[in-house]
Structures are given as structure tokens and as C-alpha cells.
1. Please sort 155-166, 24-35, 132-143, 115-126 by packing, taking for each peptide the average over its residues of neighbouring beta carbons within 10 angstrom, highest first.
2. Calculate, axis by axis, the spread of Cα positions in the stretch 113-181 along the three principal axes, and write the results as whole Å, longest axis first.
């Protein structure tokens, strides 16, 4: 497993750049949708209830995100679109994104699901509109629904590796498996 993670190192840099580009496109699309609906981007129905956390290097945020904010505000004639709001949109997209072949998506309802390394649900289907939430076991009335945020990776990782992976996404896992440190 360690060799697999190390081998991905070079590809991760390219993958990170691709994800950053997808996130920029998603933020631009959200801003464009808001302009068409004559709403502020953070007030859009699918975005309004979502929150996100992302860490940014200040110089990168000022230089790159600031330039993007100015470009979007000018292109979309959004005079009240500020860098802080663009950073908020980036954080929302990065925290709530679902990666898929050919892009990423933010699903308002699915974004409210919490993570567990032993989930009771999974998301199936392909494409942006073909996603469905299904139960993987019987669920008691009132029981919280959980998905595994990265089932392809977390099912084979040790507790320490899962903890580090979760930290990269700005959360801690308190599922029974992680509480047992398995």
C-alpha cells in the first residue's frame, strides 16, 4: 500500500492541478448561474445551506483567487462579488465535491451526508444526473445516514493513513471503526 501511495506522488501533482482547474470551472459556473438568476452566488438555493473549509496560502489567494474574482465580477457584471466570497465558493466546492469521470459535481442534498468508514449507504450511478443514494444494510428509523467519502482508498488503509487522509479534507472521522483505531 505504501508503494502505491508513493507511486501516486507524481500523478498527484497533476491530479491536484486538474482538481484545481475543475474547482475554478465550478466556481465560475456557480457565479454565472447566479448572474442569470440575478442572485448573489452564495444565495443560490443549492449553495446557500452548504459550508466549506479550505486552507489557502495568502499570497496564492491574493494573486490567483483575487485575479479570478476581478475577472468573474467584470465578466458577469457582478459589482458586489468580492475575493472573500470567491474563497467561500472555493471552500464549498472543495469540501462538498463529488469527483467523477469527466469532472466534479456538488449535490446539495448528498453534501449533507456525513462520513463513516463503515457506512450504511453508498452512492451509485454514473454521470452528474444519474447518482442515487442506496442503503447497504437495514437502517433503523431515525438512524443517521452515512457514506464513505473515499471508499476506493479508505477500505484498504490503516487507521493512521485514514486519519491523515481525513485531515487533508479538514475533518476527523469518529466512526466506530476509527474510534476502535482499527
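1. Answer by packing, highest mean first, reads 24-35, 115-126, 155-166, 132-143.
2. Projected onto the principal axes, the Cα atoms of the stretch 113-181 cover 33, 30, 20 Å.
Taken together, the values in this text are just the output of simple stated rules run on the coordinates, not laboratory data. Everything quoted here is computed from the prediction, not taken from an experiment. FYI the Cβ positions are ideal-geometry reconstructions off the backbone, even for glycines, and counts take in every protein chain you see.
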